[in-house]
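Remarks on the structure that follows.
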Amino acid sequence: MTHDFERKIDVEIERTRIRLTIFHGEDEEVVKLNLEEAEELVEKLGQAIKDYSQRKQIRID
């Protein structure tokens, strides 16, 4: 699957939330997280990246 548009991710700190904005093409998605949710996202994303890297190293014959 190829994308004909640029994807951009912005992270901003609001007064009581962390705001993630994901731009894709002309659309955007906004997610506002409290500190606990943001920390959980960091943990899950880190684990997913680690798992993905390990899977890329496994050859399927």
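The values are calculated or read from the model by the stated rules, or taken from the named source; none is laboratory data. If you're wondering where the values come from, they're calculated on a predicted model, not measured in any experiment. Cβ: placed from backbone, ideal geometry, glycine included. Neighbour counts: every protein chain shown. All accessible areas refer to the heavy atoms of the entire protein, side chains included, with ligands and DNA or RNA removed. Shrake-Rupley method; radii C 1.70, N 1.55, O 1.52, S 1.80 Å.
So here's what we get for this one:
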| item | result |
| --- | --- |
| Matching residues in the range 4-22 - criterion: being open to solvent by 80 Å² or more (accessible area, probe 1.4 Å) and among the hydroxyl-bearing types (S, T, Y) | T16 |
| Members of the range 23-54 found to be among the small types (G, A, S) and exposed (fewer than 10 other Cβ atoms within 10 Å of the Cβ), listed by number | S53 |
| Residue within the range 18-33 that is over 14 Å from the mean Cα position of the chain (by Cα), modelled with pLDDT of 95 or more and not in a strand (DSSP E or B) present | no |
